[in-house]
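One structure below.
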């Protein structure tokens, strides 16, 4: 079943308003959830929405909070998110980073004590739409063992890097785990193994079995020891700058709330668009590895999916859609 | 054979002075090459030195160049490295980024038209020694196929992230390829396969065979499609900000010269050291994957090696050491 973007957004907004969200918060949050579904990331769009509302009802998300400036040193500002809606706080955070960058070339906003930002790419697209380069990362609850260990101690701590471009922004949005737990669950449901090793089995060997990996919380970091180091360092940078809760704190608390995000924005008049296009052409000029393989730049598929869904409607899981409509 | 740090540095400095380096450039460059060997990275230390001198003699490195400010927008400054010594230009670049960050919280310096920066970690340690967080990346000649392709189109484009800490700085220094070509050559020489897949064979399957990977220039990006995207995006950000030569330009020219680097520095009074130490303790509290496995934070091993080599002398390849001594 397919639903027009405006209808999806409108229903989500009504549910948020019914749950006492202010008009402007309901507008921003419904737009982000609907856009995530539009861009093909329904796991952080419609499908995540009921969980979000459940967190609101449980009081884990403070819907009245507005991010509060805690300290500023030049172009670096630290905000306390006061456990408000994560995607709302991060949208305001990136907007502020953009403002700083427009004035000073580069701006850095750290949002601590915040909730899940949903799809990190959201803030990359936001920077790119403003004509700026965006670099963002977040911490998360532990789901990966560090390299050499077997117990989950690292978050999947996604990284986003965005560069604006007339023909379509370049937006990289990657978690530090090779596969997300959501993706591994899909493989488990369809009773198939992962296309590449995605974690460790009990004997410490790499495995493609999603059941074993999910049971042991032994997801594989990208690039083995390298992604393990990256995930750790993102958490350390966030704690160093903001002093907020680390993956250790979040995991010990048992709930994935009170996260930290770093939103960096760079603004320059001339972003050398011809040079960027030459890089993309050169990269895509490689012969395919296997016949039929395509080489995509980060964000290419998102844009294609977004345009298709805007035209044809957004595919929705009917059960979730009915459930959400009844929440109005 | 082992050589004291000061002796190694002194010999390298004499060779540089004999090759018409100014006193201050010879001091900075010899210190970096000797420090790289001291820290266990002789591939970018003593062992690389003869190649560096060869490039100087061929006129590929302009030893008289001083980086020239091309444009400044607030806290973002673009420099033309005028094909000077890469490690010299990047040291000055990071020093400038540190200065900007001390004044404005965050500074970003892009060095274009530069040469190889040798070990990227150098500039991470430099930022950390100044009490700052450092984020650096570079582009490089193509040596990896993009995801879905079989011809090399991406550089290994290393990333460095450093956070200062009294007990030992955290310094992550990772290339976007799972194994470097130097490391794969070592495996080939010792006639052993890689411990994990490191590239593709002719049929597009992952392989641990260093001979096949080196022949096809089919090194594997970390995290498969994810590292492919990261390497591409670093090159794009560098080209967007500086307008310098991309991996495409460098590869088409046939020589790995005229690279670009981005050096970002963040300065904050309180970097929450207790929070950082708690993260490291928590991460290292995981049970080992296999008996005897250890969990290290990025930079831990470098510091250990550095301290050991300062005390006991730096292990050198005798053949290279004799050769370099005769270059004085």
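The values are calculated or read from the model by the stated rules, or taken from the named source; none is laboratory data. Predicted model, so just to flag it, every value in this text is computed and none were measured. Reconstructed Cβ throughout: ideal geometry from the backbone, glycine too, with neighbour counts over all protein chains shown.
Residues to consider are A:274, A:269; find the one that is more than 9 Å from chain B (Cβ to nearest Cβ) and free of Cβ contacts under 8 Å to residues at least 40 places away in the same chain.
A:274
Go over the candidates B:149, B:182, B:121 one by one and state the one that is within 13 Å of the chain's Cα centre (by Cα) and either under 26 Å from residue B:304 (Cα atoms) or free of Cβ contacts under 8 Å to residues at least 60 places away in the same chain (or both).
B:121
Scan the stretch A:78-112 for residues that are surrounded by fewer than 24 Cβ atoms within 10 Å (Cβ to Cβ) and assigned to a strand (DSSP E or B) and report the count.
2
Which one of these does residue A:269 not meet: (1) at pLDDT 95 or above; (2) touching a strand residue (DSSP E or B) at 6+ places or on another chain (Cβ under 8 Å)?
Against the list (1) at pLDDT 95 or above; (2) touching a strand residue (DSSP E or B) at 6+ places or on another chain (Cβ under 8 Å), residue A:269 comes up short only on (1).
Residues of the stretch A:43-53 being surrounded by 19 or more Cβ atoms within 10 Å (Cβ to Cβ) and within 12 Å of the chain's Cα centre (by Cα), which ones?
Selection gives A:44, A:45.
Look through B:186, B:193, B:167 and report the one residue that is more than 12 Å from chain A (Cβ to nearest Cβ) and not in a loop (DSSP other than H, G, I, E, B).
B:186
Scan the stretch B:284-310 residue by residue and report those that are farther than 24 Å from residue B:39 by Cα and either in contact (Cβ under 8 Å) with a residue 24 or more places away in the chain or within 8 Å of chain A (Cβ to nearest Cβ) (or both).
Within the stretch B:284-310, B:285, B:286, B:287, B:288, B:289, B:290 qualify.
Any idea how many residues of the stretch B:196-224 are surrounded by fewer than 24 Cβ atoms within 10 Å (Cβ to Cβ) and in a strand (DSSP E or B)?
3
So, residue B:60, is that one touching a residue at least 40 places away in the same chain (Cβ under 8 Å) and not in a helix (DSSP H, G or I) or not?
It is true that residue B:60 is touching a residue at least 40 places away in the same chain (Cβ under 8 Å) and not in a helix (DSSP H, G or I).
Return yes or no: is residue B:153 at negative phi and within 13 Å of chain A (Cβ to nearest Cβ)?
Considered against the rule, which asks whether it is at negative phi and within 13 Å of chain A (Cβ to nearest Cβ), residue B:153 comes out as yes.
Looking at the stretch B:306-328 only, could you name the residues that are surrounded by fewer than 16 Cβ atoms within 10 Å (Cβ to Cβ) and under 17 Å from residue B:128 (Cβ atoms)?
B:307
Exactly one condition in (1) facing chain B (nearest Cβ under 10 Å); (2) under 23 Å from residue B:223 (Cα atoms) is false for residue A:110; which is it?
(2)
If I ask for residues that are surrounded by fewer than 24 Cβ atoms within 10 Å (Cβ to Cβ) and not in a helix (DSSP H, G or I), which ones from the stretch B:263-281 would you list?
B:268, B:269, B:270, B:271, B:272
Could you tell me whether the stretch B:240-249 includes any residue that is at pLDDT below 95 and in a loop (DSSP other than H, G, I, E, B)?
No, there is no match, as no residue in the stretch B:240-249 is at pLDDT below 95 and in a loop (DSSP other than H, G, I, E, B).
Just to be sure before I move on: is residue B:36 surrounded by fewer than 19 Cβ atoms within 10 Å (Cβ to Cβ), out of contact with any strand residue (DSSP E or B) (no Cβ under 9 Å at 6 or more places or on another chain), on the phi < 0 side of the Ramachandran plot and touching a residue at least 40 places away in the same chain (Cβ under 8 Å) in the structure I sent?
Taking the combined requirement at face value, the residue does not satisfy it.
Which residue, of A:90, A:108, A:132, is within 18 Å of residue A:29 (Cβ to Cβ) and touching a helix residue (DSSP H, G or I) at 6+ places or on another chain (Cβ under 7 Å)?
A:90
Out of (1) within 9 Å of another protein chain (Cβ to nearest Cβ); (2) closer than 16 Å to residue B:286 by Cα, the odd one out for residue A:219 is which?
(1)
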